Every structure is written in structure tokens, then in C-alpha cells.
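The structure under discussion appears below in the form of C-alpha cells.
The values are calculated or read from the model by the stated rules, or taken from the named source; none is laboratory data. Just so it is clear, the model here is predicted, and its values are computed rather than measured. Cβ: placed from backbone, ideal geometry, glycine included. Neighbour counts: every protein chain shown. The accessibility values were calculated without ligands, DNA or RNA, using every heavy atom of the protein model including side chains. Shrake-Rupley method; radii C 1.70, N 1.55, O 1.52, S 1.80 Å.
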Amino acid sequence: QVRLVQSGGGLVQPGGSLRLSCVASGFTFRNSVMSWYRQAPGKERELVARMSHTGVSSNYADSVKGRFSISENNAGNTLYLDMRSLKAEDTAVYYCKAEDLIFWGQGTQVTVSS
């Protein structure tokens, strides 16, 4: 059974940092393109960051370049999104996704506010 279980969201002040985690099971993590998306209230879901099959290639939305970083653990079953210099406009529900399986995590709220 394919599962993507997210954790790590919450409330943070502007300029702060958070790490999101996405634990995968039921499929071969490193054979999938893995991504993070977000959806703010009243807006469409947008791609934030994507990691290739090999894990050595990644790309980012322009709005998060230089502030966010996508990575995975050595075991190849946990995807991370490290977010720093957070801004109010980063407030959204964040989702991890296994692209090849078109399978989503449950989502986690990130709120950036003073």
C-alpha cells in the first residue's frame, strides 16, 4: 500500500525556518520523481520544488529559489523541504507528491505570521 505521511508544519514568524518531512512507504522512493507543492487560500496548487529520479537534480519555483531546499534521507524513504527566510506569502498547505504514481501526501499547514 502506497503511503506518504507528512509532518513538520506549523506557525513561524517572518524570517524563520521550518522543515517539512514526507515519509514514503509501499513503493521504491528513489525510482520516483518527488515534489513539493503548496496551495494558498483562494489560489491554485503550485509546484514548489521537484527532485529527479537520481536525487541529484532539483528545480524550484522562482518565488522560493535560494530559500527552500528539497532533499532526501540516506535510506531513500523520507523527503524533506527545508524552508528559511520565510515570508507571509509562503503561508499555504504544503503537499508532497510521488509524481510517477500521482500520489499525494495528506498536506500540512504552514503559517508565516508575527
Q: Go through the residues of the stretch 13-22 one by one and say whether even a single one is part of a strand (DSSP E or B), more than 25 Å from residue 88 (Cα to Cα) and open to solvent by less than 30 Å² (accessible area, probe 1.4 Å).
A: no
**Q.** Number of the exception - residue 98 against (1) touching a Leu at 6+ places or on another chain (Cβ under 9 Å); (2) surrounded by 14 or more Cβ atoms within 10 Å (Cβ to Cβ); (3) without any contact (Cβ under 8 Å) to a residue 24 or more places away in the chain
**A.** (3)
Q) Exactly one of (1) in a strand (DSSP E or B); (2) within 14 Å of the chain's Cα centre (by Cα) is unmet by residue 64. Its number? A) (1)
Q: Go through 45, 84, 3 for me and flag whichever is open to solvent by 50 Å² or more (accessible area, probe 1.4 Å), touching a residue at least 60 places away in the same chain (Cβ under 8 Å), out of contact with any helix residue (DSSP H, G or I) (no Cβ under 9 Å at 6 or more places or on another chain) and of a type outside the set (Phe, Trp, Tyr).
A: 84
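Suppose the filter is hydroxyl-bearing (Ser, Thr, Tyr), under 21 Å from residue 111 (Cα atoms), in a loop (DSSP other than H, G, I, E, B) and in contact with a Lys or Arg (Cβ under 6 Å, 6 or more places away or on another chain); does residue 85 pass it?
Values: hydroxyl-bearing (Ser, Thr, Tyr): yes; under 21 Å from residue 111 (Cα atoms): yes; in a loop (DSSP other than H, G, I, E, B): yes; in contact with a Lys or Arg (Cβ under 6 Å, 6 or more places away or on another chain): yes.
Yes: the conditions hold for residue 85.
Quick grid of which residues meet (1) in a strand (DSSP E or B); (2) hydrophobic (A, V, I, L, M, F, W, C):
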| residue | (1), (2) |
| --- | --- |
| 11 | yes, yes |
| 49 | yes, yes |
| 53 | no, no |
| 81 | yes, yes |
| 94 | yes, no |
Q: Test residue 86 against the criterion of being of a type in the set (A, V, I, L, M) and in contact with a Leu (Cβ under 6 Å, 6 or more places away or on another chain), and give yes or no.
A: no
